[in-house]
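J.: Here's a structure for you.
No value in this document is a laboratory result; all are computed from the given coordinates. Everything quoted here is computed from the prediction, not taken from an experiment. We place every Cβ from the backbone using ideal geometry, glycine too, and count neighbours over all the protein chains shown.
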Amino acid sequence: HHLLVEATLTEFVPGVYIDSMGYAFTLLVLKYLGICHVASYVHYPAISTDMLSVVRERNPRFNNADYISNNLFLSAVKFVYYYLLELLYGLAGSCSDVVIVNSSWTLNHILTLWRATKRTCLVYPPSDTHAFLQLPLDEDSDRKCHSIASIGQFRPEKDHRLQIRAFPEDAAEEGDGAGRKGVDEVGELKRELGEATVGLHTMWNEHFGIGVVECMATGTVILAHRSGGPRLDIVVPYEGGQTGFLAEDEDGYADAIERILALSPSARLEIRRHARLSVTRFSDQECEACFLATMEPLIWTLAR
Ligand SMILES: *[C@@H]1O[C@H](CO)[C@@H](O)[C@H](O)[C@H]1NC(C)=O
């Protein structure tokens, strides 16, 4: 941090300093020394608002070791430590003349921590969906069978188990099942997705969900977990139209899959069309325009 600040102070004094690396404390220094205007693009809060409550409730979860949650004194020390850290982080963050956050999840955390509601806005980073948008979007009425695709790494939190369990029994004729096929190349992925009727996502509380965006760009009917980014940012109505489905548990998923497969091809096409249109919210152009519009007032102060 100090190299960065030093460089800014001595070598090149900017008119506006934008931190997008999460070095919130550099904002504090530059602002209070009166060096320049400061702004931040926050991708992830350096301190989570959950930390304090975990320690306060002496909850032996997460990064709260047993010997701490069992000891009242150590819990108190840790609580004070986090409290001060949170206070400082809030102070540093609230120096920002403009705060941009990358998702609703981050927005919620940063609003609580930095309390700069009027200066904070949401600008999605660009997602490269170009390749996926190239695929034609037609009615899927000539499909001999429907397939369900799921994109993602094999990690426990992706909950592939739920995908297998949610698979409606009478829907699997050949027993080829879900989640079996490994796909390595982008081209192959594109082809698989292009042929899939349903795009499946099951991770709980994913901060965003680029895979969900890709499914929607390709033209599958997305079925995502009702939490995190998919619920807040991605699978939301667009221009009055439904863009996909959300579910929480095994039964919810199974029902949704059956409902999607039971829709008429034209009803599916309607949803797929809205979904594809809605992902333009995550395009390069959109990001550029929103970023500039947000920063503009700050840039104008330089001209004065
Ligand atoms: C925001 O940034 C975090 C941290 O890099 C990342 O996990 C999340 O997916 C990003 N959100 C979006 C909308 O790209």
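J.: Any chance you could tell me what percent of the C-alpha pair distances in the chain go past 32 Å?
T.: 42 percent
J.: Just flag the chymotrypsin sites (Phe, Trp or Tyr not before Pro) in region 197-242 sitting in loop per DSSP whose Cβ has no more than 16 other Cβ atoms within 10 Å.
T.: W204
J.: Right, next: Can you compute the radius of gyration and Dmax for region 59-172, using only the Cα atoms, both in Å?
T.: 23.2, 68
J.: If you don't mind, there's one more thing I want to ask. Ordered by packing density, taken as the mean number of other Cβ atoms within 10 Å over each peptide's residues, highest first, how do 36-45, 13-22 rank?
T.: Those peptides, ordered most packed to least, come out 36-45, 13-22.
J.: Beyond 18 Å, how much of the Cα-Cα pair distribution for region 202-246 remains, as a whole percent?
T.: 15 percent
J.: Continuing with this model, one more query. By its C-alpha gyration tensor, with a ≥ b ≥ c as the square roots of the eigenvalues, how is region 196-271 shaped: rounded for a/c under 1.5, else prolate for a/b larger than b/c, else oblate?
T.: oblate
J.: Which cross-chain or sequence-distant (5 or more) residues have an amide H under 5 Å from the amide H of V221, H modelled 1.01 Å from N in plane?
T.: Under 5 Å from the amide H of V221 lie the amide H atoms of V198, G199, each far enough along the sequence or on another chain.
J.: Would you calculate the separation in nanometres between label points at C290 and R155, each defined as 7 Å from the Cα along the Cα-to-beta-carbon direction?
T.: With each label point 7 Å from Cα toward Cβ, the separation is 2.3 nm.
J.: What's the longest bit of the chain with no exposed GluC sites (Glu not before Pro), using DSSP loop states and at most 11 other Cβ atoms within 10 Å as the test?
T.: 1-172
J.: While we're looking at this one, here's another question. For the chain, what relative contact order do you get, as a whole percent, if you take Cα pairs closer than 8 Å and at least 6 residues apart?
T.: RCO, the chain: 16 percent.
J.: Also, quick follow-up: Report, in order of residue number, the helices in the chain meeting two criteria: a C-alpha extent of 20 Å or more along the helix axis, and a mean Kyte-Doolittle hydropathy of at least 1.0; treat each whole DSSP H run as one helix.
T.: 72-93
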